[in-house]
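Worksheet: one structure, shown below.
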Amino acid sequence: MTSGTLAEQITDYANRADPYPLYAELRKQPVRREDNGIYLVSTYYEVRSLANDPRLSNDTRNRPPGYARTTSAEDQGLPPSFIFTDPPVHDRLRETITRPFGPPHSPRFLDGLRGELAQVVTELLDAFEGKDQVDIVEDFSYPLPVTAICKVLGVPREDEARFHTWADALASGVDPQAGDGDGQGKALQARQDLGAYLSDVIETKRRHPGPGILSALAPEMTPEDLEATAVLLLVAGHETTVNAITNTTLTLLRHPDVLDRFQKDPDLAVPLIEEVLRYEPPVQFVPWTTALDDIDVAGTTIPKGSPVWLMLAAANRDPKRFEDPDRFNPDRKDNEHLGMYTGIHYCFGAPLARIELHLAVPELFRRVKFSRLLEDPPPYRANAVLRGPRHLPVAIEGLAA
């Protein structure tokens, strides 16, 4: 185990493949103050309570000087994405964005994407034909979500390749390790490049409306707010789903008994995917919240102005909430995990992510005959917050029709 505070160890790449022993250590003290003044909250009921507490702010502009902020639009004179705002601004923006995206205003929008996304899944798997090994990330779990988010936004599919580079760089901006160094610089540059691209797209959508929510939102939002929202949807709606699909694949290949059940009973998909979201959540922790007042939690007072990290992955394995929490068990009852967060900031893209997971995972394991993992553990992304394999090379023996 590497040296340093628990926060430093959790963000250390050396522990990326298996941070769960660190989370177990963290839970021994539900609310832990690090030497730099950051408070880590790691147990289920405390994390859930704080995530629903209006005294905890998602707006990093509330942080005192000297503490890292997210790479946000205000660095370039733009408003932050709605995830980094508090009520009433958050509620107004989220309600506006929800109208064209899903129920109750547009109940058929996401469902209408199923056929197109199912076709993308088929095309990606067809490309496995004749191969004896593939990289699940590059060949499958990355291309599907980026296609999905481009369809949601109404962005031309031929521009998808550009989104890959932007999304990777922007995602690094939420990693506490990025600090003010190279990762932060790349994130800011990506934000500028993507912003310029989206500004042109939004202006075109205003003049010539077409499919996707950018056209629907253009008359309802300022160009600045819509641009910030589109950036958020690209990162949050893409990076997390890549990790969710990859983590599900890796978990199943590590649990052949469950995989055998799943291949014989596709109806297992719903509880299985929810269990992966608990067991290997794509967002490990939320490091950008700040106490707006003194908050008493589990016998500790978090002082006003203190940065707070809500450790979702640690909470998801809290034995006080989940029986035998380190066991992957798709038969788990009452699986109210925090893999998609909770409260007013519950994952906006959760309905789309679940559609993608339920299209991708059953078809992947129906059609592909896997031989073995070629690397275990696989190489992971540098990002400690959006944790998932950077590559997942596997040997395969064939492809069903």
Response to the item:
In a Gaussian network model of the chain with springs linking alpha carbons closer than 10 Å, the residue among G154, G343, G112 that fluctuates most is G112
Worksheet item: For the chain, modelled as a Gaussian network with Cα springs under 10 Å, which listed residue fluctuates most, V297, V235, V308?
Response: V297
Discussion item. Can you classify the range 248-297 as rounded, prolate or oblate using the Cα gyration tensor, where a ≥ b ≥ c are the square roots of its eigenvalues, rounded means a/c under 1.5, and otherwise it's prolate if a/b beats b/c and oblate if not?
Written reply: prolate
Worksheet item: From the phi of every residue in the range 9-21, what ³J(HN,Hα) in whole Hz does the Karplus formula 6.51 cos²θ - 1.76 cosθ + 1.60 yield, where θ is phi - 60° and glycine or proline is x?
Response: 5, 5, 8, 6, 4, 4, 9, 5, 5, 8, x, 5, x
Discussion item. Given a 1.4 angstrom probe, I'd like the percentage of the accessible area of the chain that is carbon and sulfur, rounded to a whole number.
Written reply: 50
Worksheet, complete the sentence: By the mean-Cβ-within-10 Å protection proxy, highest first, 263-273, 207-217 rank as 207-217, 263-273
Discussion item. Going Cα to Cα from K131, which aspartates and glutamates come in below 18 Å? Please leave out same-chain ones fewer than 8 positions away.
Written reply: E123, D139, E363, E375, E397
Worksheet item: Hey, can you rank 276-285, 137-146 by average C-beta count inside 10 Å, highest first?
Response: 276-285, 137-146
Discussion item. Quick check on packing: order 185-195, 28-38, 241-251 by the mean number of other C-beta atoms within 10 Å, highest mean leading.
Written reply: 241-251, 185-195, 28-38
Discussion item. Can you return the lysines within cross-link range of K304? Criterion is Cα-Cα under 19 Å, with same-chain partners fewer than 8 residues away left out.
Written reply: none
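Kindly identify the chain as rounded, prolate or oblate by the Cα gyration tensor criterion: order the square roots of the eigenvalues as a ≥ b ≥ c, call it rounded if a/c is under 1.5, otherwise compare a/b with b/c, prolate if a/b is larger, else oblate.
oblate
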Response to the item:
Summing -39500 (n - 2.57) over every DSSP H run of at least 4 residues in the chain and dividing by its residue count gives a helix-only mean residue ellipticity at 222 nm, to the nearest 500 deg cm²/dmol, of -14000 deg cm²/dmol
Worksheet entry | Note, ³J(HN,Hα) from phi for the range 279-291, Karplus 6.51, -1.76, 1.60, rounded to Hz, x at Gly and Pro | 6, 9, x, x, 10, 7, 7, 10, x, 10, 8, 9, 6
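How high is the relative contact order of the chain, in percent, counting Cα pairs under 8 Å that sit 6 or more residues apart? The partial results should precede the final answer.
Values: 638 pairs, mean separation 103.3, N = 401.
Dividing the mean separation by the residue count of the chain yields 26 percent.
What does the net charge come to around D331 if you take all other residues with beta carbon closer than 10 Å to its beta carbon, with K and R at +1 and D and E at -1? If you can, show how the numbers build up before the last one.
Numbers: positive: R261, R332, K333; negative: E275.
Counting the neighbours of D331, the net charge comes to +2.
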Worksheet item: Given a 1.4 Å probe, how much area per residue of the chain is accessible, in Å²?
Response: 41
Fill in: Most fluctuating residue given options P379, P103, P330, as computed from a GNM of the chain linking Cα atoms under 10 Å
P103
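The values are calculated or read from the model by the stated rules, or taken from the named source; none is laboratory data. Just so it is clear, the structure is predicted and the values come from calculations on it, not from any experiment. Virtual Cβ from ideal backbone geometry, glycine too; neighbours counted across all protein chains shown. Protein only, heavy atoms only, side chains kept; ligands, DNA and RNA dropped before computing areas. Shrake-Rupley method; radii C 1.70, N 1.55, O 1.52, S 1.80 Å.
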